[in-house]
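For reference, the structure is listed below as structure tokens.
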Amino acid sequence: MKFCEKATKTVSAEIRKLTITCMESAGYGHIGGSMSLCDMLAVLYNDIMVVDPKNPKDKDRDYLVLSKGHCGPALYATLAYKGFITKEDLKTLNKGGTKLPSHCDRVKTNGIDISTGSLGQGLSMASGVAMGKRLQGFKGTVYCIVGDGELQEGQNWEAIQHIAHNCLTNVVLIVDNNKRQLDGYVDDICKQFSLKDKFNSFGLEAYEADGHNVKSIYETLIKARNSQKPVAIIMQTEKGFGCNFAEINGFNHYMVFNSEQADSARAEIDRRLRNHLENTRAK
Amino acid sequence: MIKVKDIKLSELEMRGAYCDALIAVAEKNDKICAIDADVQFSMGTIPFYKKFPSRGINCGIMEAHAVGFSAGMSETGMIPFFHAFGTFATRRVFDQVFLSCAYQKLNVKIIGGDAGVTATANGGTHMPFEDVGIMRTIPNITIIEPADPAIYKTAVQYMADTHGVCYVRSCRRKVWQIYDENAKFEIGKANVLFKGKDVAIIACGIMVYEALKAREILEAEGISASVIDMHTIKPLDEKTILKFAKECSAMVVAENHNATSGLGSAVAEVLIENNPIPMERVAVFESFGEVGTQDFLQNKFKLTAEEIVLKAKKAISRKK
């Protein structure tokens with residue numbers, strides 16, 4: 001299917017709104033890092049990944065490992081959009097007995113491929129899935145999203161080195177480079193220096209994309225899928241992007257918010273989408 | 001009836017017996033694979049790699065990644081057996097075993113080598129006295145400590161056939177061959193070697209041989225002891241423990257592990273809730289490991305038949 005920027009932009013707006021709705025039900029959540037993910041999730045699930053809610057365990061499917069598992073609500077919103085879970089399910093976030101816990105859980109949630117939450121572990125599991133696919137001749141690519149702060153965990157670099165050594169081209173590392181972590185700016189807490197140089201020196205091909213431009217995301221993911229070398233994509237993002245009350249809060253890793261704020265955020269998302277579509281049409 | 005004087009050293013080293021067993025199950029099941037962390041030689045897995053080159057993956061010195069990688073492989077249907085020294089297969093990678101494997105109900109087998117004092121010259125940094133305690137806290141995990149190659153073979157077959165996370169702690173070199181090499185065992189069911197009436201000695205791993213020696217010493221003194229090989233530490237065979245608690249009314253638990261959190265603790269938990277008879281432990285008390293021969297270390301940490309005898313008499317003396 002041909003990529004349609006407007007359609008995918010519309011999907012990302014829907015995912016953003018559903019993500020806010022999901023957290024609104026609890027009254028709190030990891031809003032900043034969830035918002036920075038929404039556009040890449042929209043492209044992955046709308047334009048790139050081969051997944052089927054009717055056959056969620058298909059061995060040949062593409063996998064998504066959200067290593068920054070605390071941003072589960074953004075993925076739940078995407079899964080609801082795709083039909084793996086219902087939109088009503090989204091309103092049960094963190095409620096006792098829910099199938100939607102704050103951190104992704106493959107045992108509880110249809111469509112979650114790997115449980116995550118203890119940062120730094122997702123990429124190892126993603127690469128194991130990729131190796132398992134290779135050994136058994138299964139199709140599909142494993143997309144693993146890690147946070148830029150999360151790259152402080154050393155296990156990531158073990159995994160990266162091992163992916164490069166084995167030339168695992170069926171796993172794609174995606175960095176949600178939103179420049180912030182729980183306690184503040186990544187560069188204030190532990191500088192990451194040049195991610196691109198680090199990935200290159202570890203043996204990966206490193207690409208950069210505008211993580212809030214669906215066309216840039218799409219083109220870079222296609223390039224990654226066709227690469228002869230394992231790839232890391234640095235998605236340049238902003239923490240809280242697209243949610244008005246999070247955007248104005250410098251400390252938005254985790255926020256408590258009310259329905260009034262949620263309504264305002266959803267209305268603003270609709271307004272920005274309308275503007276975008278009108279401006280695109282005008283061009 | 002087993003007599004200690006008839007017990008010989010095993011023909012195979014434990015690592016050799018393990019690898020033979022792994023190859024045997026892998027010949028029948030092409031999902032079985034070996035994952036290593038640069039201790040293939042020490043863990044004895046090189047023949048597997050020669051036999052199945054595409055199914056052996058040496059990750060290098062990155063245990064945390066290797067465990068997560070194994071978890072990912074198992075998600076696709078592979079059955080990874082991950083090998084490392086007991087220290088690095090447990091305490092170094094606890095969070096990875098807990099979350100990447102057990103929490104998400106994946107199918108990963110963890111083989112920890114050089115159990116307790118059998119780490120000998122590698123010393124305190126490599127001497128796991130805490131691995132069983134660490135792993136025992138993980139829900140639904142299986143923990144096995146084989147006494148000899150015959151049980152090890154059963155353990156490997158069990159792991160190949162049974163979904164879930166399993167930890168085996170073993171030693172690498174030759175051990176006392178307690179059982180006939182074709183003996184059959186049931187994982188989760190203790191193996192009763194002797195039935196006595198005055199005290200029950202429960203042991204695992206290298207301490208089974210010490211328990212058998214202790215039994216003969218006690219017998220010479222007119223004390224009748226049961227000897228039970230508790231090769232499966234989790235799930236624990238509570239039924240057998242309680243049966244012998246009732247019959248002997250005194251118990252000694254002997255393990256090549258620290259006294260906090262291992263087999264002794266597990267047995268104590270069962271007794272205290274059901275039948276709190278006098279129980280004594282032969283184990284390592286509040287100590288780190290150190291270098292030395294196995295004999296030196298067993299004497300140093302009192303992991304001996306003589307200590308079992310002392311503790312047996314103490315337990316008996318505490319009977320009301």
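The values are calculated or read from the model by the stated rules, or taken from the named source; none is laboratory data. Values in this document were obtained by computation on a predicted structure and should not be read as measured data. Positions of Cβ are generated from backbone atoms using ideal geometry, with glycine treated the same way; all protein chains shown enter the neighbour counts. For accessibility, only protein heavy atoms count, side chains too; no ligands or nucleic acids. Shrake-Rupley method; radii C 1.70, N 1.55, O 1.52, S 1.80 Å.
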- Task: For the pairs B:213/B:300; B:195/B:313; A:54/B:31; A:229/B:109, note any where the Cα-Cα span goes beyond 20 Å.
- Result: A:54/B:31; A:229/B:109
- Give the angle, between 0 and 90 degrees and rounded to the nearest 10, that separates the Cα long axis of helix A:214-225 from the longest principal axis of the Cα atoms of chain A. 20 degrees
- Message: Tell me the net charge near residue B:64. Cut-off is 11 Å between Cβ atoms, residue B:64 excluded, with +1 for each Lys or Arg and -1 for each Asp or Glu.
- Response: -3
- Query: Could you list log10 I(q)/I(0) for segment A:156-196 at q = 0.21, 0.34 Å⁻¹, which the Debye formula gives when each Cα is one point scatterer?
  - Reply: -0.79, -1.18
- Query: Taking the Cα centre of the protein assembly as shown as the origin, how large is its charge dipole in debye, to the nearest 20, when only Lys and Arg (+1) and Asp and Glu (-1) carry charge on their Cβ atoms?
  - Reply: 1040 debye
- Task: Compute the relative contact order of chain B as a whole-number percentage, counting only Cα pairs closer than 8 Å that sit 6 or more residues apart in sequence.
- Result: 18 percent
- Percent of C-alpha pairs per 10 Å bin, segment B:109-253, short to long: 11, 39, 36, 13, 1
- Item | Whole-Hz couplings from phi, Karplus 6.51/-1.76/1.60, listed for segment B:188-198; x for Gly and Pro | x, 10, 5, 9, 8, 8, 9, 10, x, 10, 8
- Cα-based Rg of chain A per 2.2 N^0.38 Å, rounded to two decimals? 0.94
- Query: Roughly what % of Cα-Cα distances in segment B:190-320 sit above 21 Å, to the whole percent?
  - Reply: 32 percent
- Task: May I ask for the accessible area buried between chains A and B, both sides summed, probe 1.4 Å, to the nearest 100 Å²?
- Result: 2200 Å²
- Expressed per residue, the solvent accessible area of segment B:36-117 in Å² (1.4 Å probe) is about 27 Å²
- Task: Sum up the charges of everything whose Cβ sits under 14 Å from the Cβ of residue B:5, counting Lys and Arg as +1 and Asp and Glu as -1, but leave residue B:5 out.
- Result: +1
- Message: If every alpha-carbon in segment A:181-237 counts as one equal scatterer, what log10 I(q)/I(0) does Debye give at q = 0.17, 0.20, 0.21, 0.30 1/Å?
- Response: -0.64, -0.80, -0.85, -1.11
- Note on the structure: When all Cα-Cα pair distances of chain B are considered, the percent exceeding 33 Å is 21 percent
- Cα shape, segment A:170-269, gyration tensor, a/c 1.5 rule: oblate
- Across segment A:65-77, in residue order, what do the Karplus-derived ³J(HN,Hα) couplings come to in whole Hz, using 6.51 cos²θ - 1.76 cosθ + 1.60 with θ = phi - 60° and x for Gly and Pro? 10, 8, 5, 7, x, 5, 9, x, x, 5, 6, 4, 4
- Query: Picking from A:136, A:77, A:26, whose Cα lies most toward the positive end of the charge dipole for segment A:1-136 (charges on Cβ: Lys, Arg +1; Asp, Glu -1)?
  - Reply: A:136
- Item | Span from the segment B:28-95 Cα centroid across to the segment B:267-297 one, whole angstrom | 30 Å
- Item | Electrostatic dipole magnitude of chain B [Cβ: Lys, Arg +1; Asp, Glu -1; Cα centre; debye, to 20] | 460 debye
- Message: For the protein assembly as shown, give me the percentage of DSSP beta bridges that are antiparallel, rounded to the nearest 5 percent.
- Response: 15 percent
- Computed over the Cα atoms of segment A:43-158, what is the ratio Rg over Rh, Rh following Kirkwood? 0.96
- So what are the radius of gyration and Dmax for the Cα set of segment B:27-73, in Å? 10.5, 30
- Ranking by accessible area, most exposed first, for A:60, B:161, A:176 with a 1.4 Å probe: B:161, A:60, A:176
- Query: Can you tell me the Rg and the Dmax, both Å, for the Cα atoms in segment B:142-221?
  - Reply: 13.8, 47
- Message: Residues of segment A:132-166 that become at least 40 Å² less accessible with every protein chain present than in their own chain isolated, using 1.4 Å: which are they?
- Response: A:135, A:136, A:155, A:158, A:162
- Message: How high is the relative contact order of segment B:1-133? Use alpha-carbon pairs under 8 Å, at least six apart in sequence, and give a whole percent.
- Response: 21 percent
- Message: I'd like the distance between the alpha-carbon centres of segment B:153-214 and segment A:160-174, rounded to an integer number of Å.
- Response: 41 Å
- Query: Taking all pairs of different Cα atoms in segment B:117-169, averaging 1/r and flipping that mean, what Kirkwood radius in angstroms comes out?
  - Reply: 12.5 Å
- Apportionment of accessible area to carbon and sulfur, chain A, percent (1.4 Å): 50 percent
- Mean shadow area of segment B:1-153 over all directions, Cα convex hull, nm²: 10.1 nm²
- Message: Taking only Cα atoms of segment B:54-120, what ratio of Rg to Rh do you get with Rh as the Kirkwood inverse-distance radius?
- Response: 0.97
- Per residue Cα convex hull volume for the protein assembly as shown, in cubic angstrom? 161 Å³
- Message: Using the crude model of +1 on Lys and Arg Cβ and -1 on Asp and Glu Cβ, and no other charge, please compute the dipole size for segment A:1-121 relative to its Cα centre, in debye to 20.
- Response: 160 debye
- Could you list, bin by bin from short to long, the percent of Cα-Cα pairs of segment A:16-81 in 5 Å steps? 3, 17, 28, 23, 16, 9, 3, 0
- Message: Nearest 10 degrees is fine. How inclined is helix A:259-282 to the longest principal axis of chain A, computing both from alpha carbons?
- Response: 70 degrees
- Note on the structure: Check: C-alpha center segment B:96-143 vs C-alpha center segment A:69-85, spacing in Å is 34 Å
